[in-house]
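Undergrad: One structure is given below, represented as structure tokens, and several questions about it will come after.
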Amino acid sequence: MPSPEQLGVRKQPPANDWAAVHKRMDALEVATFQVDRVNADIVQFTCLLQGEAGKTHRIEAQGATDIEAAQRALDEAQRWREGRR
């Protein structure tokens with residue numbers, strides 16, 4: 001039976017692991033990021049990715065926690081990066 005990694009399933013960092021989030025941001029070439037509490041139930045994570053010719057690409061995602069919002073945004077960032085290769 002193939003492992004989850006062999007099937008393309010990416011392991012998520014633990015729910016409170018900002019070190020793993022920062023490592024993933026480095027790998028995805030995130031230029032800058034911001035975390036905002038929209039209200040008591042929603043956190044928004046915004047990041048800018050380095051693009052070609054000095055351009056950036058903005059990604060936003062929301063979640064119940066800062067880590068959840070970051071993971072959602074970085075999932076989108078990964079899809080964007082993969083689509084550009």
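Undergrad: Kindly provide the Kirkwood hydrodynamic radius of the range 33-83 in Å, to one decimal, from all pairs of distinct alpha carbon atoms.
TA: 11.1 Å
Undergrad: Using Cβ counts within 10 Å as a stand-in for footprinting exposure, how do M25, M1 rank, fewest first?
TA: Ordered by Cβ neighbours within 10 Å, fewest first: M1, M25.
No value in this document is a laboratory result; all are computed from the given coordinates. Note that the structure is predicted; figures quoted are calculated from it, not measured. Cβ atoms come from the backbone with ideal geometry, glycine included; neighbour counts cover every protein chain shown.
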